[in-house]
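The structure under discussion appears below in the form of structure tokens.
The values are calculated or read from the model by the stated rules, or taken from the named source; none is laboratory data. Worth saying up front: this structure is predicted, and the values here are computed from it rather than measured. Cβ sites come from the backbone with ideal geometry, for glycine too, and all protein chains shown count toward neighbours.
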Amino acid sequence: MTDTLQLPTRLYRKIKYVEMSDRYMQAALHCAKSIAHTSRQPTGAVLVRNGTIIGFAAGELPYPSERQAVFKASSEGEVTQDAVLYLWGACGCSEDSWKAIVEAGVQIVFLIENCEILFNKEHPQNILGRQFD
């Protein structure tokens, strides 16, 4: 399943969904676990280019991991153009994160299948507060 998110700023990027078993999604999960003790809704992101993780971060709102992963990779001299990002713990990106992703040249953001249920605090079947059980 593939969707394109159109932003008010005319920025767009593709969103694709992967299973939890995807190796890069597992790496994003590992990042989120690193701050699980301090956050109710931790997120993890890995930035991948040519099959290699070039950036990673853990975060929570209002400091999203996806923006931090892009910043870390760029500040360490990694080429982010044509990279892809795997985001665990959220069902989308903020407009500010999208801007950073677009400016970095990231082409696709991968989210976990059913993220709109799993990480939505309003949904009765969410896993918030027990996502690492």
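Quick notes
- Filter pass, E78 being in contact with a strand residue (DSSP E or B) (Cβ under 7 Å, 6 or more places away or on another chain) and either farther than 19 Å from K16 by Cα or among the charged types (D, E, K, R) (or both): yes
- Residues in the range 62-82 that are in contact with a helix residue (DSSP H, G or I) (Cβ under 7 Å, 6 or more places away or on another chain), crowded, with 21+ Cβ neighbours inside 10 Å and small (G, A, S): S65 only.
- Those residues of the range 100-133 which are touching a residue at least 60 places away in the same chain (Cβ under 8 Å) and under 17 Å from G55 (Cα atoms), in sequence order: I101, V102, V106, Q107, I108, V109, F110, L111
- Scope the range 83-92; condition buried (at least 24 other Cβ atoms within 10 Å of the Cβ) and in contact (Cβ under 8 Å) with a residue 40 or more places away in the chain; matching residues: L85, Y86, L87, W88, G89, A90
- Residues in the range 59-77 that are farther than 14 Å from A100 by Cα and at pLDDT 95 or above: E76, G77.
A quick yes/no check of all residues on (1) under 17 Å from Q26 (Cα atoms); (2) at pLDDT 95 or above:
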residue: N50; (1), (2): no, yes
residue: D96; (1), (2): no, no
residue: E103; (1), (2): no, no
residue: E113; (1), (2): yes, yes
residue: E116; (1), (2): no, no
residue: P124; (1), (2): no, yes
residue: L128; (1), (2): no, no
